[in-house]
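Each remark here refers to the structure printed beneath this line.
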Amino acid sequence: MKKSESDYNRFQELLQIVKSFENNFLGFYKKGNKAAGIRLRKNMQMLRAFAKNIRFEVQDMRKNKNLKTTKRKNKDQISIFQ
């Protein structure tokens, strides 16, 4: 599997996780269903764990220098992605 395909798969996993708790989200916020709120909190905890794993993957990749590095043209340039 190519690196770009695995990156895309991780993004797809994220989208599936978020999409999977759409009903609980709407049930709690639109209908006021308390049980949906409990399930939503569990879903958010799962999302948090997934995000934590992604953070560790990114950190490991940076340590192993598996990322392409690009030089900035202007060091004074401000980016929101720093």
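Things worth noting here:
- Residues that are of a type outside the set (Gly, Ala, Ser) and more than 20 Å from Leu14 (Cα to Cα), drawn from region 33-64: Asn33, Lys34, Ile38, Arg62, Lys63, Asn64
- Selection of region 14-37 for residues being of a type outside the set (Ser, Thr, Tyr), surrounded by 12 or more Cβ atoms within 10 Å (Cβ to Cβ) and part of a helix (DSSP H, G or I) yields Leu14, Ile17, Val18, Asn23, Asn24, Phe25, Leu26, Gly27, Phe28, Ala36, Gly37.
Rule-based calculations on the coordinates, nothing more; no lab input. Please read all numbers here as calculations on a predicted model, not as lab measurements. Cβ atoms come from the backbone with ideal geometry, glycine included; neighbour counts cover every protein chain shown.
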